[in-house]
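Single-structure report; data block below.
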Amino acid sequence: AREKNLVDQPNERKLQKQPVPLIGGLCVFFGVIVGTLVASCFMDCTELVPILMAMSMMLFLGSMDDLIGLSPSLRFCFEIFIMVALIYGGGGCIDSLHGLWGIDAFSWWIAVPLTVFAGVGVINAINMIDGVNGLCSGICITCCCLFGYAFFCGHDYPNSMLCFAMAAALLPFLVHNVV
């Protein structure tokens, strides 16, 4: 990345003091893809296609932002579009709180905006802590392992595998950023 000048230059918005390679997200993405392809030899992973497509779109969005710099409002609009596409393409939505605060199932008029709000919030929260060495990868590995275990206990093996593949793909970045 440094030889090809694919680095993020420090500025007033960034925490780093030196140029940082931009291709980390690409490496994580391909690590997840390889893990998913290997797992697909042993289990049916077709239900992960919408998630992997949304990941591809987020990779494209992040790459364009890194290379040409997108305005925050444009990024925000694309993130909302990607979340809506994931909801309608994959069918997943926060449509029940399973009794938390006395709230069970609710309509899609509430579920879709809540899911978009939560998804875009998580995307931007992770993006904000990405500049702190080891924090982003450490938190993401922990969350992926916890979600992977929860999916495994719920017998949702494809999503469990995806979580563990993501954790494995992030591990080299944790080591690189901490050591």
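The values are calculated or read from the model by the stated rules, or taken from the named source; none is laboratory data. Because the structure is predicted, anything quoted here is derived from the model rather than measured. For neighbour counting, all protein chains shown are included, and Cβ atoms are generated from backbone atoms with ideal geometry for every residue, glycine included. These area figures cover heavy atoms from the full protein model, side chains too; ligands, DNA and RNA do not enter into them. Shrake-Rupley method; radii C 1.70, N 1.55, O 1.52, S 1.80 Å.
One residue alone among Gly62, Gly35 is among the small types (Gly, Ala, Ser), farther than 19 Å from Ala165 by Cα and either in contact with a Ser or Thr (Cβ under 8 Å, 6 or more places away or on another chain) or in a helix (DSSP H, G or I) (or both), and that residue is Gly62. Checking Ser137 against (1) in contact with a Ser or Thr (Cβ under 7 Å, 6 or more places away or on another chain); (2) open to solvent by less than 40 Å² (accessible area, probe 1.4 Å); (3) of a type in the set (S, T, N, Q), which single condition isn't satisfied? Every condition holds for Ser137 apart from (1). Restricting attention to segment 74-102, the residues being acidic (Asp, Glu) and either in contact with a Phe, Trp or Tyr (Cβ under 6 Å, 6 or more places away or on another chain) or open to solvent by less than 60 Å² (accessible area, probe 1.4 Å) (or both) number 1. Output yes when any residue across segment 171-179 is closer than 22 Å to Ala54 by Cβ and open to solvent by 60 Å² or more (accessible area, probe 1.4 Å), and no when none is. Scanning segment 171-179 turns up no residue that is closer than 22 Å to Ala54 by Cβ and open to solvent by 60 Å² or more (accessible area, probe 1.4 Å). Of the residues making up segment 37-45, not a single one is out of contact with any Cys (no Cβ under 6 Å at 6 or more places or on another chain), modelled with pLDDT under 90 and not hydrophobic (A, V, I, L, M, F, W, C). Residues that are over 18 Å from the mean Cα position of the chain (by Cα) and among the aliphatic types (A, V, I, L, M) were ranked within segment 38-64; the one that is most open to solvent (accessible area, probe 1.4 Å) is Val38.
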